[in-house]
Structures are given as C-alpha cells and as structure tokens.
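Contents: one structure, followed by commentary.
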Amino acid sequence: MVLKKLLSVLLFVLLTASLLAACGAGSKAGAGNEGGSSSNKVIAWAWDPSFNGAALKIAEEIYQKEHPEFDLEVVDMAKADLEQKLNTNLAAGVQDGLPDIILVNDPNIQKYVTAFPGTFADFTDKVDYSQFSPYKVDALTVDGKKYGVPFDVGVAGLFYRTDYLEQAGFTKADLENITWDEFIEIGKVVKEKTGKYMTTINPNDEALTSILLQSAGSWYITEDNKGNFVDNPVMAETLRVYKALADSGIAKPVTGWSEFVGSFNAGDVATVTSGVWQVSSIMDAKDQSGKWGVAPIPRLNIEGGVNASNEGGSSWFVLDKSKNKDLAIDFLAKTIGGSTEFYERFLLENGGVGSYIPAFSSEAYAKPSEFFGGQAIYSDFTKWSTEVPGISLGMYTQEAKDALKNELPNILAGSDLTQSLKNIQQLFEQQVQ
C-alpha cells in the first residue's frame, strides 16, 4: 500500500511537471528573472487580479517613489492552479520556474514551511511584527521564525439587518457582548415577529465551525499536528452550538455559495456571520442601503471565549533561492510590511482590510459607511482584529475539516457527540498516516 502511494505521487509529479514544461508561456511567466531580465525586476504569483493583484500594483507605485527603476510583474492564475504548480515544483525539487514572490493562504503556511524547509525567506528581522495584529503574526510563525508579510484579514463580524431587529424589538446594544445561546434566543423572537430566519446553516461548509473554534483560541488540530477533536472542550462546545442552531428553527438551510449569498441579498435572513470581505457581497443588494449594521460576533460560553474571530486571510512570501530575493524582501517590507499609505489606498480602492495597526487610526478606516447606516464599520473591524485569539493552523487543517464534514450529518441527526468526536479523530488519523 505504501509503495503504491509513493508510485502514485511520483507519477503525478512527473506528469504535472511534463505538462508545465510543455506550456512554454506558463513556465516563462515565473522564470525567476532568468534570460537576461533586469535585476530591478521582481515577479509575483497571485490569484484574483482585482484584489490581490491590485494590492501589489499599489505597493509598486509606493515603492517606485524611492526606487523609480523598480519593475514588478504580477502573474495572475487561479488559486488552485497556483497551489498545484507550486506543489509540483517543490515536490520535484525544481525552483527555476518559480517567482520571487508568492501569495500563500494562511492555513497553508505551516504545511509549506514544514514540508519544504529552506524554501521560503526568513523575514524575522525585516519587518516590525509588533505593528500587526498578533493572530496574523502567529499564523506565519514556525519554530520561532517569521516567514513573509501579513496581508489581508478575514476579521469576523455579525452583519445584521437593523430594520428586522427593530421590528422584533431589539437594538444595536442587544447584540453587543452576547453568547451564541443568547443569539439563538434573539433569533427565535426575530423569526416569530418578522417571519425571517435569523441566519443560515450549511452542513457542507465548515466556515462557521472555524469561526467558533478560533474565537476561543482552539483549532481542528494541535500545534504538533495531532487531531484536536477528543478531550477538547472548545470543540465539544462548538459542535453543541452548531447543532443547537440547526435544531432551533432560526437557521435557513443552504447548500453552496450562491444560496448563501442569495439568502441575505433577497432579505430572507436577519444576520450573516462572516469575514470582513463579505461587505462587498452584502452591498450588492443596493436596495438594502442604510438597513445594515455590524456587531461583534457572539462568543462561546466557555473559558477563553471572546467576541472576536477570523475567517480567511493570506500572506506574501519570498522564495529563498530567488535571484532577486533581497529586492523582493525590501519591496514587501517597505510597503505591505510597513506603509500606512498602502493600507489606506488598499481599503479605499479595493475594499481590502489588513492587520497593520498604525493604519487603523487613519481617516480611511474612520470613514462612515452610508450603506451601513453611517457606521464606521472598518474602524470596528480593525478594533476586533486586535482581539482575535492567535492559533497554530498546523499542517493538516483541510484534512481535519474533511473528517469533520464527514461526521457532521450524524451529529445533526442526534448521534452521541462523544462518539462522533472519536469517529472524527479516527478518520483524521487515517487520512494523515
């Protein structure tokens, strides 16, 4: 069985490498400044050109004020394609076709750094990490060293329809500093008085359980990459709350992203618990302008539980063997790693929120939002970002999430929670053997 797995992996690596080599444009796009390219040029790989790519272009403009000869090439590719190409090259020990800079999803950081030692540049002494929200720094810290520069965040908030809450007899203050059990009770009144669901629930998505776990400083796996399902009171409380939401009748069942977004754009639900990046989707419903507010998320009623968490986020890394490594590091350190101007422009031009604390007091973050009833929502989100518990995301987050989702239908059907947690732990251990 082991030999069969090894042969399968080897075949995949060789096949993918051959395909990449055959794709001339793809391999040259990130050629690491070879073939006589300027020593002032840096190449970056990223997904989403209107967000991540646009952020790099803002950084380039700022850096060029002091370094007019600097040239940045951003190679856009789908997130899945980027990760596959990176994994294939690293697994094969081939780095010639890699860029100088690469965008890394935070949950993948520990896996990349640990699985491919010596691949990514050490930024420990290059950036003042005390100027960033602690949980973002924790995400890119491995064995005491800090890799890369923190970028966007997914600070979670409780988006809510002010008109629905008022119709049910509640005010903004009633959503402050509450527990999930109190949230459920409010939801029952909202459903009774307005006929609207309080929230949504999707048993095929782990976004909510992730938010709940981190809000109490826990995760699906431990710092040493062991399953964290059995004998973990935060996990047990998270799944108890999840089932209570499902059983309460206040959560509208949805399957998939379109149904989820459609539920609040159509006005079917009173609240949305999600990352700050959800703002743009909520604002797509132009007719709802002035009818939304944002409150801190509810907390788990458990020791260490707080009304703050995170969903998503990424960081910028530099390949240690990049020919323009020092220039790439300097570029990132002086812009995304230390420029208030960058974060002001990133927010105003692209709606992006970072974790750079000095920018939080700027006028851009304090600007009231007409859509959200004049609330300075970004000022609130940045405040909450400093309260998010730091956790170790480990190497096997996705495997652990998959194990949980496999058992979730049984939990929702009323299975014994203790036994379900054992089942999840066992499945996870089988997956990562």
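Counting other Cβ atoms within 10 Å, keep those with at most 15, restrict to DSSP loop, and tell me which GluC sites (Glu not before Pro) in segment 156-264 are left.
Those that pass, being in a loop and sparsely packed, are Glu176, Glu223.
Using a cut-off of 14 Å between alpha-carbon atoms, which aspartates and glutamates can reach Lys79, once sequence neighbours fewer than 8 places away in the same chain are excluded?
Within reach: Asp48, Asp106.
Identify all aspartates and glutamates with a Cα-Cα distance to Lys323 below 13 Å; exclude those on the same chain that are fewer than 8 residues away in sequence.
The qualifying aspartates and glutamates are Glu34, Asp96, Asp100.
Taking Cα atoms, how many degrees apart are the long axis of helix 2-22 and the longest axis of the chain, rounded to 10 and kept between 0 and 90?
Helix 2-22 sits at roughly 70 degrees to that axis.
Where does the chain land at 222 nm, in deg cm²/dmol rounded to the nearest 500, when only DSSP H runs of n ≥ 4 count, each adding -39500 (n - 2.57), divided by all residues?
The helix contribution divided over the chain gives -13000 deg cm²/dmol.
What residues have an amide H closer than 5 Å to that of Asp152, excluding those fewer than 5 places away on the same chain, when H is modeled at 1.01 Å from N in the peptide plane?
Amide H neighbours of Asp152, under 5 Å, 5+ apart: Ser314.
Using the heavy atoms of the protein chains alone and a 1.4 angstrom probe, what is the accessible area of segment 335-433 per residue in square angstrom?
Roughly 43 Å² per residue, with all protein chains present.
Using only Cα atoms, find the angle between the long axis of helix 340-350 and the longest principal axis of the chain, and express it within 0 to 90 degrees, rounded to the nearest 10.
Between helix and principal axis, roughly 70 degrees.
Would you list Lys191, Lys85 from the most to the least accessible area, probe 1.4 Å?
From most exposed to least exposed: Lys191, Lys85.
For the chain, take the longest principal axis of its alpha carbons; what is the angle in degrees between that and the long axis of helix 417-431, to the nearest 10 within 0 to 90?
10
List, largest first, the extents of the alpha carbons of segment 142-238 along their principal axes, each in whole Å.
For segment 142-238, the Cα extents along the three principal axes come out at 52, 33, 25 Å.
Please report the carbon-and-sulfur percent of the accessible area for segment 300-433; probe 1.4 Å, protein heavy atoms only, DNA, RNA and ligands left out.
44
Could you pull out the pairs from Lys286/Lys367; Lys111/Lys405; Lys146/Lys422; Lys111/Lys321; Lys291/Lys367 whose alpha carbons sit more than 23 Å apart here?
Long pairs (Cα-Cα over 23 Å): Lys146/Lys422.
The values are calculated or read from the model by the stated rules, or taken from the named source; none is laboratory data. Everything quoted here is computed from the prediction, not taken from an experiment. Every residue, glycine among them, receives a Cβ derived from its backbone with ideal geometry; neighbour counts consider all protein chains shown. Protein only, heavy atoms only, side chains kept; ligands, DNA and RNA dropped before computing areas. Shrake-Rupley method; radii C 1.70, N 1.55, O 1.52, S 1.80 Å.
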